Every structure is written in structure tokens, then in C-alpha cells.
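The values are calculated or read from the model by the stated rules, or taken from the named source; none is laboratory data. Fair warning: this is a prediction, and the values are worked out from it, not measured in the lab. Backbone-built Cβ (ideal geometry, glycine too); neighbour counts: all protein chains shown. We work out accessible area using only protein heavy atoms, side chains counted, and drop any ligands, DNA or RNA first. Shrake-Rupley method; radii C 1.70, N 1.55, O 1.52, S 1.80 Å.
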Amino acid sequence: MNTTHITILGSTGSIGVSTLDVIARQPERFRLHALTAHRNVERMREQCLAHRPEVAVMVDPQAAESLRTSLAAAGAVTEVRAGPEALADVAREPRVDAVMAAIVGAAGLLPTLAAAEAGKRVLLANKEALVMSGALLMDAVRRSGACLLPIDSEHNAIFQCLPNGYVCAEPVTPHGARRIWLTASGGPFRDRPLDSFVGITPDEACAHPNWDMGRKISVDSATMMNKGLEVIEACWLFAVPASVIQVVLHPQSIVHSMVAYDDGSVLAQLGNPDMRTPIAHALAWPERMESGVEPLDLLTMGKLEFSEPEAARFPALSLAYRALEQGGTATAVLNAANEVAVEAFLDERLAFSKIPAVISATLDAMETEPVDSLDRVLAADRRAREIAGEEVGNMRQVVS
Ligand code: NAD
Ligand code: MG
């Protein structure tokens, strides 16, 4: 068996930690080229000592310095690099076969794009990269011959339910697939009275009933913007219009998504909610390997329920559809405004119930432009952040 050289972008996050757990189960199969993080020195130090990557990147220069000192004291051989350019370098490194793109948010775009341009196997968890610039990322994948495999559990499920040999980024809707059912748990506030939404705290929003995730995606799950971003992600990955995708609430998070075919067949992928399943699937594809996930017991799992999400409870979802319809830079604007609003909520500068209003006002304030260059996307991202920041300030004044 050939050894796969791998870089994990965002190794200290929830997906990064799960990826290392899966890889450590097959040491003969994988060699770690690089691990990267923003500034969590303590966790990166532990990871370097346990997994011995060739390179560790800390985006924050002070964190890099402190990691360098601490690894040298421990006699570790890992080379430490600093700064955002180093992320793209370890993604495009010629020795690397596969890149796990697991940085959260827009910060993941450039290194993910670098991996795609270099023709790597790209394991895509960083959905924000596709939402910001699906056209550019897909184009890079097609031109370089990279292999794009979805890590997001729903998209990984859909990929597994598509005909064998289906390639993401192929500009052809999979033959005979008439509907994609994208499942959503509904997050922690599925049944919470709407009139109590204004008092929601960050810790309540981050306490997801089924999944243990980073704080940004946890808030996105609570507003259901996560599902909105996933609808956009699915349109790019599977070359389908939004009308093919239907979001369905499924509180148990056992059926990870489904594809309905012309002949009446519906194929679903089921499993316990644990990201190590899609991670192991994409790492081993087209083979299968052990992931450490508890097998699903059909006899004890209980009822599986499906229902339609309430529009009034989850306004963020319709904002995503609106941006998708506008096309061009509108989805980058949506993503940037959402990141600003979520950060403000996590810092207790914005009420949970105001997150959609910040995004909506930002979309209203900006013209949509075509996504014909990275500069255009980055300019829209920057401007949207400024506007969303002002909106957060305005809403704060209204509250106080
Ligand atoms: P997380 O917050 O736990 O980890 C984020 C990682 O990104 C960390 O390693 C952090 O150091 C790094 N990072 C943060 N800001 C950075 C910056 N400015 N520059 C460089 N690196 C930076 O997030 P997560 O839950 O692991 O999610 C990662 C991505 O995977 C997100 O795009 C998320 O939407 C997606 N995803 C996550 C899950 C999940 O179960 N956690 C499921 C599906 C998709
Ligand atoms: Mg998901």
C-alpha cells in the first residue's frame, strides 16, 4: 500500500482533532507533512509531540515563536513556520498527496485554493471557501485535475449515494438524480419558544444536541445558516440548481442525507453522528477503512423523524437562498456578514436574534458582481465585513 503524505489545515480544531484520531489508527498508511493552526500553542505542541509532523505552521507569529521554543526544549524535530503564506506553502508542497481543509471561515480560502491549484486530493470541510468562491475553486479543481472529496457529513453522504465514479466539480448533474434531501438536526433551538430567542447565550447556542463542533459552526447550526451554507455548497459540489435540493429536519442526525432517483429509489447514508466517518471515507476513498466510530445499532436507535423547517424560526436559511439566487459575489457577502455577526454574538456584542438582520442589511447594501477573479471576491468580503461591523454597532445602539 502506498503511503499518503498529508497536510491538515486547522489541525487544532474539531475536524483537525478527529482527522488525527483516524490517521493514528493507520500509521502505516499515512505520513504527516504539516499541521497548521491559528494560535493554539498548547494543543499544537501536544499534536507535534504525539504525531511528529515534518512542519507545524502557526499563523500568529508570537504563537509560532512560543511553539518553536517549547518544541526545541522537548527535543522535537518538527520545523515551525509562521504567517498565512506558510499555510498555502504546506498545502501545495510537492510531496503532499492529500490536504484536509479544516480551517474555519474565510481564512481557509487561500490555502484551500492553493491545494486545489496544485492538483491535490482536497478533503473539504471548510465550506466557507466554496460559499465565497465556488466558481474559482471548482475551476481550479477542474484545471489541475485535483480530486475534491466532501467532508461535511451531508455532502459526504450525498457523494456516497451518487452513482459510482461521480466526480465532484464535474459540470454535469448526476444522471437520474432528481432530488437531494439535505438533512438538518434543527440545532439546539428547534423547539425553543420564539419569544425567548432574544436572551440566547453563546454557551446555549454552542451546545448542539448531536454534534460536538467548533463554536462558529455551532452557532451557524443554531441559526441554521449552516444549512444555508450547505445548500450553496451542494449546488457547487454536485452541479445542481437550488431547486433540486430540499432541506428536511431530522432531529436524530442518523440519516446524513439522501438522493432520490427518477425510478423512485431513494438512497440514504446512515451512521452515528461522528465526523470520523466522513473523514475516514474521504481519506480511504475509493477503499474503506476503520474510523473508530461506534457502529449504528438499528435495533436500539429508536424512531427516525422528518419534517419541514419553519421559515420564521430560521430566517438565516432563506437569506442563503436569496444570496444563491443573486449569484456572483452575493454568497461571499452572505458569508462575510455571517462571520462578523457570529463573532459579535460570541463576544456578547450582538443578540442571537439579530444575527439574520445584520446579514440581511449587508446584502441590501451591496451590489452583486460577477466572480471573475479572486481580487473581486476578496474585495466583496472586505467591504461586507465593514458594512456588517457597522450594522452590529447600529443594532447595539438600538438595544442599549
Ligand atoms: P474549529 O473552530 O474547531 O477549528 C478551526 C481551526 O481553524 C483551528 O485549527 C484554528 O486554529 C484554525 N483557524 C481559525 N482561524 C484561523 C485563521 N485566521 N487562520 C488560520 N487558521 C485558523 O472549527 P471546526 O468545527 O473544526 O470546523 C472547521 C471547518 O469544518 C469549518 O469550515 C466548518 O464549517 C467545517 N465543518 C465542521 C464540522 C464539525 O463537526 N466540526 C462539520 C462539518 C463541517
Ligand atoms: Mg454539515
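Hey, among the residues in region 211-224 that are within 12 Å of ligand 2 (Cβ to nearest atom) and open to solvent by less than 10 Å² (accessible area, probe 1.4 Å), which one's farthest from G134 (Cα to Cα)?
So the residue we want is S218.
I need every pair where a residue in region 339-351 that is under 13 Å from D203 (Cα atoms) has its Cβ under 7 Å from the Cβ of a residue that is at pLDDT below 95 and among the aromatic types (F, W, Y), sequence separation at least 6 or different chains.
The qualifying pairs do not exist here.
So, A86, is that one more than 14 Å from ligand 1 (Cβ to nearest atom) and either surrounded by fewer than 24 Cβ atoms within 10 Å (Cβ to Cβ) or more than 26 Å from R322 (Cα to Cα) (or both) or not?
no
Please verify whether R92 is within 14 Å of ligand 1 (Cβ to nearest atom), open to solvent by 20 Å² or more (accessible area, probe 1.4 Å), within 30 Å of D381 (Cβ to Cβ) and among the basic types (K, R), treating the condition exactly as stated.
Answer is no for this residue.
Output yes when any residue across region 166-187 is at pLDDT 90 or above, in contact with a Lys or Arg (Cβ under 8 Å, 6 or more places away or on another chain) and either assigned to a loop (DSSP other than H, G, I, E, B) or open to solvent by less than 20 Å² (accessible area, probe 1.4 Å) (or both), and no when none is.
Yes; the residues of region 166-187 include at least one that is at pLDDT 90 or above, in contact with a Lys or Arg (Cβ under 8 Å, 6 or more places away or on another chain) and either assigned to a loop (DSSP other than H, G, I, E, B) or open to solvent by less than 20 Å² (accessible area, probe 1.4 Å) (or both).
Given the criteria within 25 Å of R382 (Cβ to Cβ), buried (at least 18 other Cβ atoms within 10 Å of the Cβ) and touching a residue at least 40 places away in the same chain (Cβ under 8 Å), does A98 qualify?
The answer is no for A98.
Being out of contact with any His (no Cβ under 8 Å at 6 or more places or on another chain) and surrounded by fewer than 17 Cβ atoms within 10 Å (Cβ to Cβ) narrows it down to one of D364, D381, so name that one.
D364
Among all residue pairs at least 6 apart or on different chains, which show Cβ distances below 9 Å where the first residue, located in region 196-220, is more than 18 Å from G16 (Cβ to Cβ) and the second is more than 16 Å from ligand 2 (Cβ to nearest atom) and acidic (D, E)?
Between residues of region 196-220 that are more than 18 Å from G16 (Cβ to Cβ) and residues that are more than 16 Å from ligand 2 (Cβ to nearest atom) and acidic (D, E), the close pairs are T201/E348; P202/D347; P202/E348.
For the subset of region 265-297 comprising residues that are over 21 Å from T3 (Cβ atoms) and touching a Pro at 6+ places or on another chain (Cβ under 8 Å), which member is surrounded by the most Cβ atoms within 10 Å (Cβ to Cβ)?
P278
What's the number of the condition G16 fails, among (1) surrounded by fewer than 21 Cβ atoms within 10 Å (Cβ to Cβ); (2) within 30 Å of R288 (Cβ to Cβ)?
The number of the failed condition is (1).
For region 193-210, which residues satisfy the criterion of being farther than 14 Å from F314 by Cα, among the aliphatic types (A, V, I, L, M) and open to solvent by 30 Å² or more (accessible area, probe 1.4 Å)?
A207
Return yes or no: is V371 under 26 Å from A114 (Cα atoms), under 22 Å from the mean Cα position of the chain (by Cα) and either open to solvent by 20 Å² or more (accessible area, probe 1.4 Å) or touching a residue at least 40 places away in the same chain (Cβ under 8 Å) (or both)?
When the stated conditions are applied, V371 passes them.
If the Cβ limit is 6 Å and pairs must be 6+ apart or interchain, which residue in region 27-43 that is without any contact (Cβ under 8 Å) to a residue 60 or more places away in the chain and hydrophobic (A, V, I, L, M, F, W, C) pairs with which residue that is more than 7 Å from ligand 1 (Cβ to nearest atom) and in a loop (DSSP other than H, G, I, E, B)?
The qualifying pairs are L32/P53; L35/P53.
Does T69 count as surrounded by 18 or more Cβ atoms within 10 Å (Cβ to Cβ) and of a type in the set (S, T, Y)?
No: the conditions fail for T69.
So the check is Cβ under 6 Å with 6+ separation or different chains; which pairs have a first residue in region 118-141 that's among the basic types (K, R) and a second one that's part of a helix (DSSP H, G or I)?
Listed pairs, sorted by first residue: K127/L229; K127/E233.
Please determine, by comparing only the residues of region 112-163 that are away from ligand 2 (no atom under 16 Å from the Cβ) and hydroxyl-bearing (S, T, Y), which one is surrounded by the most Cβ atoms within 10 Å (Cβ to Cβ).
T112
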